[in-house]
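Encoded as structure tokens, the structure appears first; notes follow it.
Laboratory data are not the source of any read-out in this text; all were calculated from the coordinates shown. Bear in mind that the values here come from a model prediction, so they are computed numbers and not experimental data. Note that we place each Cβ from the backbone using ideal geometry, even for glycine, and neighbour counts take in every protein chain shown.
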Amino acid sequence: MLGRKQNINNDEWIEAILNIESTISRDEIERLTESALCDIKKHINGMRAAYAWSGGKDSIALGDICQKAGINNCMIGVCDLEYPEFIKWIKDNKPKNCDIINTGQDIEWLSKNQDMLFPSDSATAAKWFSIVQHRAQGKYVKENNIDILLLGRRKADGNFVGGDKKIYTNSKGVTRYSPLADWRHEDILAYIYYNKLKLPPIY
């Protein structure tokens, strides 16, 4: 099995994808999916819920599961520094009810914040996510009166998921919930494979 995301090279990812059928069975994925659906329905009962979609593998799997759970509204945070081909793919393939929120960082902004150019350490990467994704999520939650926002964060990526309950509320009142927190990399890859979901060209 693949280890922590930061320590996996590209060849290992490719090998995992090519051998996914022999690693994770369809039955295993169906059991994991059913468990996730039960967990989601328990957490969102009576709440106004939406999910964060980024076009990455975790959010693509999450989005498909959320729609199966009856959650159709979502958002994506972007800025003016995205790869043009990626933005085109996002516009062509985003879920139907997905709001695109642009937080406005551009080349001029980057020239004044050059440490944000391809951040190589976790602290700087976390700062980037706070500037773009978290800011966009907060804006979306406030403007749409969202009670709980589902994320594709997983422990295998080293992400904070709110402890064993996989849910937390920050100081700004945004409640985030990560139903796939315990899924392994292979589980995500297998879900995408068995459900025939599209990945962006950057993969």
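Odds and ends about this structure:
- Region 172-198 and region 92-163 have Cα centres spaced 16 Å apart.
- Size check on region 37-148: the Cα extents along the three principal axes, sorted descending, read 45, 28, 26 Å.
- Theoretical FRET efficiency, 1/(1+(r/R0)^6), r = Cβ-Cβ of Leu117 and Asp92, R0 25 Å, to 0.05: 0.40
- Stretching Ser130 away from Thr169 to a fully extended chain increases their span by 12.6 nm, per 0.36 nm per residue minus the current alpha-carbon distance.
- Cα-based shape type of region 85-157, given that a ≥ b ≥ c are square roots of the gyration tensor eigenvalues and the cut on a/c is 1.5: prolate
- Local electrostatic count at Ile192 - Lys and Arg +1, Asp and Glu -1, tallied over other residues with Cβ under 9 Å: +2
- Cross-link pairs beyond the 26 Å C-alpha cut-off, checked among Lys41/Lys88; Lys88/Lys196; Lys142/Lys196; Lys96/Lys198; Lys91/Lys165; Lys68/Lys172: Lys41/Lys88; Lys142/Lys196; Lys91/Lys165; Lys68/Lys172
- Projection of the Cα convex hull of region 125-195, averaged over all directions and equal to a quarter of that hull's surface, yields 5.6 nm².
- Maximal additional length on extending the Trp109-Arg48 stretch stands at 18.5 nm, based on 0.36 nm per residue less the C-alpha distance.
- The antiparallel fraction among DSSP beta bridges confined to the chain stands at about 20%.
- Residue-span extension gain [Arg26 to Ile14] - 0.36 nm each, minus C-alpha spacing: 2.4 nm
- Computed P(r) (all Cα pairs; the chain; 10 Å bins; percent): 8, 34, 39, 18, 2, 0
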